Amino acid sequence: MADLDELALALPETTKELSSERRPTYLAHGKMFCFHRSLRPDAVDPATGERLDDVLVFRVDGPEAKELALADPRGAFFTTPHFNGYPAVLIRIPDLARLERDELREAVVEAWLTRAHKRVAKAWLEHEQASELEPA
């Protein structure tokens, strides 16, 4: 979660809000792109039947991106019927450890790009590309 917090808040014009239950929500221009979901009846532990208390939601850029994330053989990302047709994937907080830091960054950036203002996203992407071209 510390990596998620650091990566999300490093993106331009991103803010973080905490719910009354201290669950973080990351926003770009007031629109959620990643959040810690509250208990819901559609996300339950298959072994115990208990509602999952550790689910994060990441926005994705459409159905193809969602299917690609869900197809990852590690099975970290999942969905529930509540999210059918909605551009988002779910991941349990302990499963963040299955992702390399650069993979988590990619998920955070993709989610942020779905909500960031176009001019802000374009400027950030151009800066990122220029940084990658600079000699080390």
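The values are calculated or read from the model by the stated rules, or taken from the named source; none is laboratory data. Keep in mind it's a predicted model, so treat the numbers as computed, not measured. Using ideal geometry, Cβ is built from the backbone for each residue, glycine included, and neighbour counts are taken over all protein chains shown.
Brief remarks follow.
- Within the range 85-106, the set of residues being crowded, with 17+ Cβ neighbours inside 10 Å and over 19 Å from Gly30 (Cβ atoms) comprises Val89, Leu90, Ile91, Arg92, Asp95, Leu96, Leu99, Leu104, Arg105.
- Considering (1) loosely packed, with under 13 Cβ neighbours inside 10 Å; (2) touching a Phe, Trp or Tyr at 6+ places or on another chain (Cβ under 8 Å); (3) hydrophobic (A, V, I, L, M, F, W, C), the lone condition that Ala71 does not fulfil carries the number (2).
- Hits in the range 1-24 (condition: in a strand (DSSP E or B) and either of a type outside the set (Val, Ile, Thr) or surrounded by fewer than 13 Cβ atoms within 10 Å (Cβ to Cβ) (or both)): Thr15, Lys16, Glu17, Leu18, Pro24
- Residue in the range 85-96 that is in a helix (DSSP H, G or I), among the aliphatic types (A, V, I, L, M) and either closer than 15 Å to Phe35 by Cα or at pLDDT below 95 (or both) present: yes
- Residue list for the range 86-100, filter: more than 13 Å from the chain's Cα centre (by Cα) and touching a residue at least 12 places away in the same chain (Cβ under 8 Å): Pro94, Arg98
- If only residues of the range 25-50 that are of a type in the set (Val, Ile, Thr) and part of a strand (DSSP E or B) are counted, the one that is modelled with the lowest pLDDT is Val44.
- Contacts under 7 angstrom Cβ, first residue in the range 107-121 being farther than 11 Å from His29 by Cα, partner among the small types (Gly, Ala, Ser), 6 or more apart: Val108/Ala8; Glu110/Ala65; Leu113/Ala121
- Number of the exception - Val109 against (1) surrounded by fewer than 17 Cβ atoms within 10 Å (Cβ to Cβ); (2) of a type outside the set (Gly, Ala, Ser); (3) assigned to a helix (DSSP H, G or I): (1)
- Filtering the range 112-136 to residues that are among the small types (Gly, Ala, Ser) and either part of a helix (DSSP H, G or I) or surrounded by fewer than 19 Cβ atoms within 10 Å (Cβ to Cβ) (or both) leaves Ala121, Ala123, Ala130, Ser131, Ala136.
- Subset of the range 51-70 [assigned to a helix (DSSP H, G or I), free of Cβ contacts under 8 Å to residues at least 40 places away in the same chain and in contact with a strand residue (DSSP E or B) (Cβ under 9 Å, 6 or more places away or on another chain)]: Lys66, Ala69, Leu70
- Every residue from the range 100-116 that is in contact with a helix residue (DSSP H, G or I) (Cβ under 7 Å, 6 or more places away or on another chain) and among the aliphatic types (A, V, I, L, M): Leu104, Val108, Leu113
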